[in-house]
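A short reminder: the numbers here are calculations on the coordinates, not readings from a lab. Values in this document were obtained by computation on a predicted structure and should not be read as measured data. Because the Cβ atoms are built from the backbone with ideal geometry, glycine has one as well, and the counts that use them run over all protein chains shown.
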Amino acid sequence: MKSFQNLEYIFLHLDGVLLENILGPILHSVIVNRLQGEYTSEIENHILAKPKESALEYLREKLRLNLTNEELFELYQKERSLFEKGNVISAHPGILPFLRLLKDSGLKIMAYGGAPETYFETNMGSYSEYFHDVRYIRTNEMRPGVLEIIRKYGLEHHKCLFMDEEAYVGQVAKENHVPFIGFVTNFSYSFQPEEMEKIGIKHKVKSLEEVDLNLLEKIDSECLEMKKEKAGKI
């Protein structure tokens, strides 16, 4: 079993890294088809990985909707329910060797996301043996989740590697010296790959197969410097 010098935990976004992203298509459909709005980078950046109430308030004001936050969220929930009924929710290709690599490397694996725990169990339950005691952390009320998770479990920043397809999560990680891998989505309408470039996310992959031991060792070697940089900010 490989043991890293610094990394101990890896936190994987459920909807977008472990599972094929359904939030993107649902959000796009709600804005364009249901609300007749224009899907822009500004809208995307004000919604993804942001607290629910602030995201709803922003969208309601931006599109000048005659809806309450509760009604708008109900519209999203209905669209999500329709999507889940009409589509097969699949894990990303290469999920099994990816999880084996992480576990064999000695990392403690946890998933996180806004969906209920039942969604995790339904779609990832067959892989439960690869996850840590706390398999899934729901971040519905603590977005974007990076610092919130670290504080909740009393962890050290440089020992926690996050992997997410949303640029804002990467931005928070970068600003707080937390290791991060950006998962580049292939949706034609998504602005997240472009946003990751603007932010300067160093490590990005387009598939789980691109995460190998060399990449993990490279990130691990950078962690000590991250620890020093964080200490210098205090």
Legend entry - the stretch 63-154: trypsin sites (Lys or Arg not before Pro) in DSSP coil with no more than 14 other Cβ atoms inside 10 Å: R64
Legend entry - If the convex hull is drawn through the Cα atoms of the stretch 159-234, its volume per residue in Å³: 79 Å³
Legend entry - Dipole magnitude of the chain, debye to nearest 20 (Cβ charges: Lys/Arg +1, Asp/Glu -1, about Cα centre): 360 debye
Legend entry - Mean residue ellipticity (222 nm) of the chain, computed from DSSP H runs ≥ 4 via -39,500 (n - 2.57), nearest 500: -13500 deg cm²/dmol
Legend entry - Evaluated at q = 0.11, 0.12, 0.15, 0.19 Å⁻¹: base-10 log I(q)/I(0), Debye formula over Cα of the stretch 23-86: -0.21, -0.25, -0.40, -0.66
Inset, instruction - Quick one: among L65, L14, L224, which has the greatest mean-square fluctuation in a GNM of the chain with alpha-carbon springs under 10 angstrom? - result: L65
Legend entry - Cross-link pairs beyond the 27 Å C-alpha cut-off, checked among K103/K198; K108/K206; K85/K152; K78/K174: K103/K198; K85/K152; K78/K174
Legend entry - Largest-first principal axis extents of the Cα set of the stretch 1-40 (Å): 52, 17, 9
Inset, instruction - Considering Cα pairs under 8 angstrom that are at least six residues apart, work out the relative contact order of the stretch 23-86 and quote it in whole percent. - result: 34 percent
Inset, instruction - Once you have the Kirkwood Rh of the stretch 60-150 from its Cα pairs, apply Stokes-Einstein at 10 °C and 1.306 mPa s and quote D in µm²/s. - result: 101 µm²/s
Legend entry - Dimensions (Å) - the chain, Cα atoms, principal axes, largest first: 54, 41, 31
Inset, instruction - Over the alpha-carbon set of the stretch 1-112, work out the extent along each principal axis and list the three values in angstrom, largest first. - result: 57, 31, 22
Inset, instruction - Pop a pseudo-label 7 angstrom from the Cα along the beta-carbon direction at both H132 and S41 and give the gap in nm to one decimal. - result: 3.4 nm
Inset, instruction - Could you work out how far helix 52-62 tilts from the main Cα principal axis of the chain, as a 0 to 90 degree angle to the nearest 10? - result: 40 degrees
Inset, instruction - Could you list the residues of the stretch 128-146 with an amide nitrogen less than 17 Å from a label point located 7 Å from the Cα of L96 in the Cα-to-C-beta direction? - result: 128-131
Inset, instruction - Pick out, in residue order, every one of the GluC sites (Glu not before Pro) in the stretch 6-106 that is DSSP loop and has at most 11 other C-beta atoms within 10 Å; say none if there are none. - result: E38
Inset, instruction - Please build a GNM for the chain, connecting alpha carbons under 10 Å apart, and tell me which residue among G125, G24, G170 fluctuates the most. - result: G125
Inset, instruction - May I ask you to derive the relative contact order of the chain, considering only C-alpha pairs under 8 Å and at least 6 residues apart, and to give it as an integer percent? - result: 27 percent
Legend entry - Two-decimal Rg/Rh across the stretch 98-190, once Rg and the Kirkwood Rh are taken from alpha-carbon atoms: 0.95
Legend entry - Counted charge near E195, where neighbours are those whose Cβ lies closer than 10 Å (Asp, Glu -1; Lys, Arg +1): -3
